[in-house]
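Novice: Could you have a look at this structure, given as structure tokens, before my questions?
The values are calculated or read from the model by the stated rules, or taken from the named source; none is laboratory data. Just so it is clear, the structure is predicted and the values come from calculations on it, not from any experiment. No Cβ is skipped: glycine too gets one built from the backbone with ideal geometry, and neighbour counts run over all protein chains shown.
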Amino acid sequence: NRSPTAILEALASTVRNDVNQPIYSTIDDPFLYSTTDRVKKAHLAAYESGRKTAEHMLALYPDYFTQIWDDPLPDAWKKDSEYIYAEPCEDALNERITKRKVVEAIDMYRTIISNGEPLSQESQEKLLELLVVFNCKDPVEETDIGSYINAPDYRAFSPFPPCTWQKANAAEEVFDALPEKTASAYCQMIRGMSANYHKEGVLSMYNAMKANKMPVDVETYNAILKVASLDTETIDDVKLFVETILKDMAANNVKPNEKTFISAMVNLRRLSRWSGAKKFVLALFSEMKACGIEPGLSTYVQILHIFYYFKDRSSKTPELLEQVLDDLKGKEFECKTENDVQFFRSVMGMIAAHFPDSKLALRLHELLQYGKNRDLLSNRQAQYGYYSDLFTVIIPLEHIDVVMDLYKEVVPYIFFPNSETFKLILESIEMHEGHQYVSQLYTDLQWTSMFKDFDFLSRFTQTLAERKHEAKTQNELCMIASSLMDQWTRKQHLHDALPVNGVVIGNLIKTHLNNDDLKTAWSLF
Amino acid sequence: MASSLSVKKTRLILGVMNRSLHLSSSLKSQESEKLENKKESSLDSEEFRVYEIKGLKKVSFVRRPERWSKRFPPPRYRTMPTDQDWTDVWPTASTFKWSAVPFPVRQGYVENSSENEGVIPSKYANLELMKGPNFLHLTPAHVKKHCKAIKHFCTQWPEGLDTDEQCQKHFPLESVTSDYVFAGPSLTDDRARVASIKFKLTDLELDNHARDKFIRLVGDRYDPDTGDVVFESNRCPLKSQNLEYVKFILTAVYFESWKRESWEQQKELSDMEQYVWDQNKSSKTCVSLLSDIKARDMASGDEQGKLSYLSEKEVDASVVSDLPEVQQYKEAVENLFNDGESIETLNTYRMAVEKLLNLKLDV
């Protein structure tokens, strides 16, 4: 009654993945911590490349790796390259299909056809599916770490994505040669063409299906809707297209799902600057609600993108965003569609660009921390951008205690701010007199080379010297000042010394004077 | 000075290569000029050339530019708040990380005060601490968290199995198998093959002969103190096969022990697993001794030293052995042989002998 791994999964759920500590898979030693975003990426990329090199070596010199510990060797570890069937026959074709060897499958198919042997409808359809999904090329597999550190593909959201479907490619060849063109074959073709932005092909296939009165399933309709906005002039064209398709769906009693509306909205997102886009998207949204479909994060991503595009500098009102946040409050989300992971990063970006309201930002952050929503901030760039914007929005407007709470949660292992953010924090410290936090900032700044920048160094020392504090804080500040001087004197003659000049020393002297430490102050002088 | 010399040298060499002989004389003149100059200077200053002893004068080295050394942060435990959740810091079993452990701990052996100044090494890069398993991933807080997570999988304990004896009664056979999970060059572990079953000997229906034969067949798989019999196997490649094999062994041994082979009748006194007084020499000696004593008693007519329990009738082995004193003696001797010598058994033997021979010893 329970799955074999249910208990393991339950135990695994007790482990949090958002703790402010170095990436758990790395060696936990101060010398090997990676903090700044660049270093983190380099570190993970190094892991990745190490693994790839190992695989490469295994492939190059298989004779040296003969030790087999497991007897019998599990199937997953057996070498893929050996086929059971080498001779051209249907089983060989099926084998290559299951192993996802696209190019070899095409070759095998062509050999079989030229030999004149018959192939079953089923095998041909399977081959078609393979070709259509991978666009007749061998699949490039992205590993977990790779997908974490590399930026995702935003091609789908550019206004007119280029068509990558080649005319008369192997898929079309197979399709034309099919003995019986079933509905599922047509559907596969439509989906493949739509994924590669080949609008004419999609339309011709769809019209053929309609002429032959074949049933079309939901996923295919979604695929058709995805290409609605290509080769159009105005929003009205798009509107017409979408409405036609939706009416066809209703006529054939095919129930739409969330992806249908998302596909439709994606078109409008591509053309969000065109007039009429916003009205239409709201119409689609109400249609979705009327169909009884619960809108998820992806839907809201599209809508918000249309209304609050980053580069659009015209004035916006936050009401829509507030309503969306109200709607999503207290809900836990899973990664169901590919756009789910964009939600938090995009919305934080919108908040930062259009209405830097710390309350909104904090509300969004609260939503992130609810349940397992943290998993939706997956990509390294998304994480960095999200926290960057969050801090930029919050620091000027909130009290330093709130800011430093967030800071402690996240810095230095999950997110490391850049010098601009640090300057903002320093301003906030001065404004709210939170000088007890300066020592923590200094510890974290030790890892970076931010002090090499003169502006930053003078700003920092200005904070140190600002005014006289109570004994404990003042002592800390003096220790920081002395440590800075030490660093400078040790490396004075080097090219990467701290850019200490009169202003900086003046500030340091002031710090010591505030502590009534005349001796040190005089020695600096 | 050195550079000027080297320049002169190169000039000299060039001179030799390019020009003809008559230049060598000019070279000579150059050298002699040099010497003359030196002589003149030395005559002028009236000083010897100073001989520089190596190592006497301090030589100032031009400081090479320091390589940029990576600055690394202080270890993590310095900034850990005391009320942090340890289950987040150490969620799973991992090697000992000195920088993430907030308490001081030492391990190691120092032979004398020259090693590490006589102090047991601290946790920084301590290989001994890293080698052994640590249970920082199973603190009470962890256990609580884990129990909470899997509690809803638990079912009620069955009724009628409240005590250990009831469990033993309803489920006499206990099988033990292990599973191993870890990441390594091989996912499998040889120890996972092993299967064993355990049961109490008393749960099997065996008569005396069968029990004796079973114990002999099973050997040291039977533990006489607890009465457990354990069959373990790892000779088959799969765990399920080993389990079946072990159950087969049990069946085979059980039925074997009930069979009586023809050669079992050749069991001799030295093969007996227990000491039985009736079959041994002690009974014969006792009977003969008692009959001897009776004869002497009859002959002597002394009232005091008689063994009163011996009747006037004819002393017969079966009659004598039914006498309670003799029975007591028999039990004492059997105890001595079967249970070994201890204070209790020796005392019972002493009592039995006193009674048998009507001895009254002063303690």
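Novice: Counting only residues that are in contact (Cβ under 8 Å) with a residue 12 or more places away in the chain and not in a loop (DSSP other than H, G, I, E, B), which one in segment B:74-96 is surrounded by the most Cβ atoms within 10 Å (Cβ to Cβ)?
Specialist: B:76
Novice: Turning to a different aspect of this structure: Quick one: residue B:168 ticks every box in (1) in a helix (DSSP H, G or I); (2) exposed (fewer than 12 other Cβ atoms within 10 Å of the Cβ) bar one, so which box is it?
Specialist: So the condition that residue B:168 fails would be (2).
Novice: For segment B:83-91, check the following and say yes or no: at least one residue is modelled with pLDDT under 85 and facing chain A (nearest Cβ under 9 Å).
Specialist: Quick first cut of segment B:83-91, residues modelled with pLDDT under 85 only: none.
No, segment B:83-91 has no match at all.
Novice: Something else about it: Can you name the number of the only condition in (1) within 7 Å of another protein chain (Cβ to nearest Cβ); (2) exposed (fewer than 14 other Cβ atoms within 10 Å of the Cβ); (3) acidic (Asp, Glu) that residue A:9 fails?
Specialist: Checking residue A:9 against (1) within 7 Å of another protein chain (Cβ to nearest Cβ); (2) exposed (fewer than 14 other Cβ atoms within 10 Å of the Cβ); (3) acidic (Asp, Glu), the one that fails is (1).
Novice: Separate question: Can you tell me which residue among A:356, A:295, A:396 is in contact with a Pro (Cβ under 9 Å, 6 or more places away or on another chain), assigned to a loop (DSSP other than H, G, I, E, B) and of a type outside the set (S, T, N, Q)?
Specialist: Numbers: A:295 fails: in contact with a Pro (Cβ under 9 Å, 6 or more places away or on another chain); A:396 fails: assigned to a loop (DSSP other than H, G, I, E, B).
One residue alone meets the criteria, A:356.
Novice: Considering only segment B:238-252, I want to know if a residue exists there that is within 28 Å of the chain's Cα centre (by Cα) and assigned to a loop (DSSP other than H, G, I, E, B).
Specialist: Yes.
Rundown of residues vs (1) free of Cβ contacts under 8 Å to residues at least 60 places away in the same chain; (2) under 30 Å from residue B:92 (Cα atoms); (3) in contact with a Cys (Cβ under 6 Å, 6 or more places away or on another chain), yes/no style:
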site	(1), (2), (3)
B:168	yes, no, no
B:176	yes, yes, no
B:201	yes, no, no
B:208	yes, no, no
B:212	no, no, no
B:235	yes, no, no
B:241	yes, no, no
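Novice: In segment A:52-78, what count of residues is obtained for those that are away from every other protein chain (no Cβ under 14 Å) and not in a loop (DSSP other than H, G, I, E, B)?
Specialist: 10
Novice: Continuing with the same structure: For segment B:122-135, indicate whether the set of residues that are surrounded by 12 or more Cβ atoms within 10 Å (Cβ to Cβ), more than 13 Å from chain A (Cβ to nearest Cβ), free of Cβ contacts under 8 Å to residues at least 12 places away in the same chain and not in a helix (DSSP H, G or I) is non-empty.
Specialist: No, segment B:122-135 contains no residue that is surrounded by 12 or more Cβ atoms within 10 Å (Cβ to Cβ), more than 13 Å from chain A (Cβ to nearest Cβ), free of Cβ contacts under 8 Å to residues at least 12 places away in the same chain and not in a helix (DSSP H, G or I).
Every residue, every condition in (1) at pLDDT 85 or above; (2) on the phi < 0 side of the Ramachandran plot; (3) part of a helix (DSSP H, G or I), yes or no:
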residue: B:290; (1), (2), (3): no, yes, yes
residue: B:296; (1), (2), (3): no, yes, yes
residue: B:299; (1), (2), (3): no, yes, yes
residue: B:309; (1), (2), (3): no, yes, no
residue: B:312; (1), (2), (3): no, yes, no
residue: B:319; (1), (2), (3): no, yes, yes
residue: B:325; (1), (2), (3): no, yes, yes
residue: B:335; (1), (2), (3): yes, yes, yes
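Novice: Here is a follow-up. Here's a check for you: in segment A:438-464, which residue that is aliphatic (A, V, I, L, M) and within 25 Å of residue A:414 (Cβ to Cβ) is nearest to the other protein chains (Cβ to nearest Cβ)?
Specialist: In the first step, residues of segment A:438-464 are kept if they are aliphatic (A, V, I, L, M); the result is A:438, A:441, A:445, A:450, A:457, A:464.
Those still in the list that are within 25 Å of residue A:414 (Cβ to Cβ) too: A:438, A:441, A:445, A:450.
Details: A:438: 15, A:441: 13, A:445: 10, A:450: 12 Å.
Top of the filtered list is A:445.
Novice: Quick check: anything in segment A:487-501 modelled with pLDDT of 75 or more, assigned to a helix (DSSP H, G or I) and surrounded by fewer than 15 Cβ atoms within 10 Å (Cβ to Cβ)?
Specialist: Pass one, segment A:487-501, residues modelled with pLDDT of 75 or more: A:487-488.
If we keep only those that are assigned to a helix (DSSP H, G or I) too, we end up with A:487-488.
Those still in the list that are surrounded by fewer than 15 Cβ atoms within 10 Å (Cβ to Cβ) too: none.
No - not one qualifying residue is present in segment A:487-501.
Novice: If you don't mind, there's one more thing I want to ask. Going by the structure shown, is residue A:444 modelled with pLDDT of 80 or more, acidic (Asp, Glu) and crowded, with 16+ Cβ neighbours inside 10 Å? Please lay out each step first, then the result.
Specialist: Values: modelled with pLDDT of 80 or more: yes; acidic (Asp, Glu): yes; crowded, with 16+ Cβ neighbours inside 10 Å: yes.
The answer is yes for residue A:444.
Residue-by-condition table, conditions (1) within 14 Å of another protein chain (Cβ to nearest Cβ); (2) under 24 Å from the mean Cα position of the chain (by Cα):
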{"site": "B:160", "(1), (2)": "no, no"}
{"site": "B:165", "(1), (2)": "no, no"}
{"site": "B:169", "(1), (2)": "no, no"}
{"site": "B:174", "(1), (2)": "no, no"}
{"site": "B:187", "(1), (2)": "yes, no"}
{"site": "B:198", "(1), (2)": "no, yes"}
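Quick grid of which residues meet (1) of a type in the set (A, V, I, L, M); (2) out of contact with any His (no Cβ under 8 Å at 6 or more places or on another chain); (3) more than 11 Å from residue B:253 (Cβ to Cβ); (4) surrounded by 16 or more Cβ atoms within 10 Å (Cβ to Cβ):
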| residue | (1), (2), (3), (4) |
| --- | --- |
| B:178 | no, yes, yes, no |
| B:181 | yes, yes, yes, no |
| B:186 | no, yes, yes, yes |
| B:193 | no, yes, yes, yes |
| B:196 | no, yes, yes, yes |
| B:204 | yes, yes, no, yes |
| B:211 | no, yes, yes, yes |
| B:216 | no, yes, no, no |
| B:221 | no, yes, no, yes |
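Novice: If you don't mind, another one. Taking residue A:151 as the residue in question, decide whether it is at pLDDT below 85 and assigned to a loop (DSSP other than H, G, I, E, B). Spell out the reasoning first.
Specialist: Numbers: at pLDDT below 85: yes; assigned to a loop (DSSP other than H, G, I, E, B): yes.
Yes; evaluated as a whole, the condition is true for this residue.
Conditions (1) surrounded by fewer than 18 Cβ atoms within 10 Å (Cβ to Cβ); (2) small (Gly, Ala, Ser); (3) without any contact (Cβ under 8 Å) to a residue 12 or more places away in the chain, marked per residue:
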residue	(1), (2), (3)
A:69	yes, no, yes
A:78	yes, no, yes
A:97	no, no, no
A:100	yes, no, no
A:109	no, no, no
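Novice: Tell me whether segment A:456-463 contains one or more residues that are of a type outside the set (D, E, K, R), modelled with pLDDT under 80 and surrounded by fewer than 20 Cβ atoms within 10 Å (Cβ to Cβ).
Specialist: Taking segment A:456-463 first, the residues of a type outside the set (D, E, K, R) are A:456-458, A:460-463.
With modelled with pLDDT under 80 added as a condition, the list becomes none.
So far as segment A:456-463 goes, no, none of its residues is of a type outside the set (D, E, K, R), modelled with pLDDT under 80 and surrounded by fewer than 20 Cβ atoms within 10 Å (Cβ to Cβ).
Novice: Next question, about the same structure. Condition test on residue B:152, is it within 10 Å of chain A (Cβ to nearest Cβ) and exposed (fewer than 13 other Cβ atoms within 10 Å of the Cβ)? Talk me through it step by step, then tell me what you get.
Specialist: Numbers: within 10 Å of chain A (Cβ to nearest Cβ): yes; exposed (fewer than 13 other Cβ atoms within 10 Å of the Cβ): yes.
Yes, satisfied.
Novice: To continue, here is another question. For segment A:12-51, how many residues meet the condition of being part of a helix (DSSP H, G or I), within 13 Å of another protein chain (Cβ to nearest Cβ) and surrounded by fewer than 12 Cβ atoms within 10 Å (Cβ to Cβ)?
Specialist: Of segment A:12-51, the ones part of a helix (DSSP H, G or I) are A:12, A:30-32, A:37-51.
Of the ones still in play, those that are also within 13 Å of another protein chain (Cβ to nearest Cβ) are A:12, A:30-32, A:39.
Imposing the further condition that a residue be surrounded by fewer than 12 Cβ atoms within 10 Å (Cβ to Cβ) reduces the set to A:31.
Looking only at that region, the number is 1.
Novice: For segment B:138-162, which positions are of a type in the set (A, V, I, L, M) and not in a helix (DSSP H, G or I)?
Specialist: Of the residues in segment B:138-162, the ones of a type in the set (A, V, I, L, M) are B:138, B:141, B:143, B:149-150, B:161.
Passing the criteria: B:138, B:161.
Novice: Has segment B:99-111 got at least one residue that is assigned to a loop (DSSP other than H, G, I, E, B), touching a residue at least 12 places away in the same chain (Cβ under 8 Å) and of a type in the set (D, E, K, R)?
Specialist: Within segment B:99-111, one or more residues are assigned to a loop (DSSP other than H, G, I, E, B), touching a residue at least 12 places away in the same chain (Cβ under 8 Å) and of a type in the set (D, E, K, R).
Novice: Which members of segment B:176-185 meet the condition of being small (Gly, Ala, Ser) and either within 14 Å of chain A (Cβ to nearest Cβ) or in contact with a Phe, Trp or Tyr (Cβ under 8 Å, 6 or more places away or on another chain) (or both)?
Specialist: Within segment B:176-185, B:183, B:184 meet the criteria.
Novice: Which of the residues belonging to segment A:308-323 are surrounded by fewer than 21 Cβ atoms within 10 Å (Cβ to Cβ) and not in a loop (DSSP other than H, G, I, E, B)?
Specialist: Restricting attention to segment A:308-323, the residues satisfying the condition of being surrounded by fewer than 21 Cβ atoms within 10 Å (Cβ to Cβ) are A:309-320, A:322-323.
Hits for segment A:308-323 are A:319, A:320, A:322, A:323.
Novice: I've got another one for you. Given the conditions (1) modelled with pLDDT under 90; (2) surrounded by 15 or more Cβ atoms within 10 Å (Cβ to Cβ), which single one is not true for residue B:239?
Specialist: Result: residue B:239 fails condition (1) only.
Novice: Also: Could you tell me how many of the residues in segment B:186-199 are touching a residue at least 24 places away in the same chain (Cβ under 8 Å), among the small types (Gly, Ala, Ser) and in contact with a Phe, Trp or Tyr (Cβ under 6 Å, 6 or more places away or on another chain)?
Specialist: Residues that pass the stated criteria total 1.
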